[in-house]
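To start, the structure itself, in structure tokens.
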Amino acid sequence: MITVNNVSMKYDLGIEDYSFKEAFINLLSFKKRKKKEYFMALDNVTFHIKKGEVIGLIGANGAGKSTLLKIVSGVMKPTSGSIQVNGVVSPMIELGAGFDLELTARENIYLNGAVMGYSKKFLEEKFDEIVEFSELVDFLDVPVKNFSSGMIAKLAFSIATIVNPEILIVDEILSVGDIKFQEKSKNKMMELIKGGTTVLYVSHSLESIKEICSKVIWLDHGKIVEIGNANKVCDKYFKRQMS
């Protein structure tokens, strides 16, 4: 379903001097240009996910989890290596990133839905279902710029899960919104999993990972530390973090 082969992602952190004033000062002071510096977000990562598997991604901040999700989703291209994804991907990364904040919730349902490849007819048929799940019926004609982050997440999640995707890419979405909506989101995701959806899931909640995932990929500084049983790998990761 998903094959990641020797994938690396290198970010250029070099600071270039562009202004004439800075160039002139550097010339007078004989200052050397700062050499480019690089950050390896992912370093030679390889794994395979079978159809219907629910895989968790764990690791500290900066381990490369979100970068990996974006590459698998097709949002970013790796510096080297190859990705093969067989199936339609529904990415839930940075929920609400595709919204126009000046438009209302109603307008953004159609805009965001179109970005995700849904037809206008399909969105019209599913409109009431999206609104009901989002719990935002009283805010449909309010510009999204006036929404809280939780409200934006509710709307984005409701649009993204209106179909049963073949592959679901999830980044921390179960921690958004109020407690009631978090539970509602988790139940929806469990429905998708039971329906055979392949899931790649990132969360800092090890309990959530253990509950949802059968297997875990542990990343550290862009490299895979271990791939294996969710409970065992999460326990090893927790011990490492606490030591």
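The values are calculated or read from the model by the stated rules, or taken from the named source; none is laboratory data. Not measured: the values here are computed from a predicted model. Positions of Cβ are generated from backbone atoms using ideal geometry, with glycine treated the same way; all protein chains shown enter the neighbour counts.
The figures follow:
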{"read-out": "Test: F24 is at pLDDT 60 or above and either outside any loop (DSSP other than H, G, I, E, B) or more than 14 Å from the chain's Cα centre (by Cα) (or both)", "value": "no"}
{"read-out": "Qualifying position, being buried (at least 19 other Cβ atoms within 10 Å of the Cβ) and closer than 20 Å to F133 by Cα, among V216, V170", "value": "V170"}
{"read-out": "Qualifying helices (runs of 4 or more DSSP H) (wholly inside segment 74-193; at least 3 residues being over 17 Å from the mean Cα position of the chain (by Cα) and touching a residue at least 12 places away in the same chain (Cβ under 8 Å))", "value": "105-115, 120-134"}
{"read-out": "Cβ pairs under 9 Å, 6+ apart, first in segment 36-64 and without any contact (Cβ under 8 Å) to a residue 24 or more places away in the chain, second surrounded by fewer than 20 Cβ atoms within 10 Å (Cβ to Cβ)", "value": "N61/H204"}
{"read-out": "Count of segment 122-160 residues which are more than 15 Å from G98 (Cβ to Cβ), among the hydroxyl-bearing types (S, T, Y) and touching a helix residue (DSSP H, G or I) at 6+ places or on another chain (Cβ under 6 Å)", "value": "1"}
{"read-out": "Residue under evaluation N231, criteria (1) without any contact (Cβ under 8 Å) to a residue 12 or more places away in the chain; (2) assigned to a helix (DSSP H, G or I); (3) of a type outside the set (A, V, I, L, M, F, W, C), criterion not met", "value": "(1)"}
{"read-out": "Which numbered condition G52 fails, given (1) farther than 20 Å from P165 by Cα; (2) in a loop (DSSP other than H, G, I, E, B)", "value": "(1)"}
{"read-out": "Filter result for the condition that a residue is under 19 Å from M92 (Cα atoms) and either exposed (fewer than 13 other Cβ atoms within 10 Å of the Cβ) or at pLDDT 95 or above (or both), over V163, V137, V131, V142", "value": "V131"}
{"read-out": "Among residues of segment 94-104, those that are closer than 10 Å to I159 by Cβ and either at pLDDT 90 or above or surrounded by fewer than 17 Cβ atoms within 10 Å (Cβ to Cβ) (or both), counted", "value": "1"}
{"read-out": "Residue check for E226: in a strand (DSSP E or B), among the charged types (D, E, K, R) and either over 25 Å from A63 (Cα atoms) or free of Cβ contacts under 8 Å to residues at least 40 places away in the same chain (or both)", "value": "yes"}
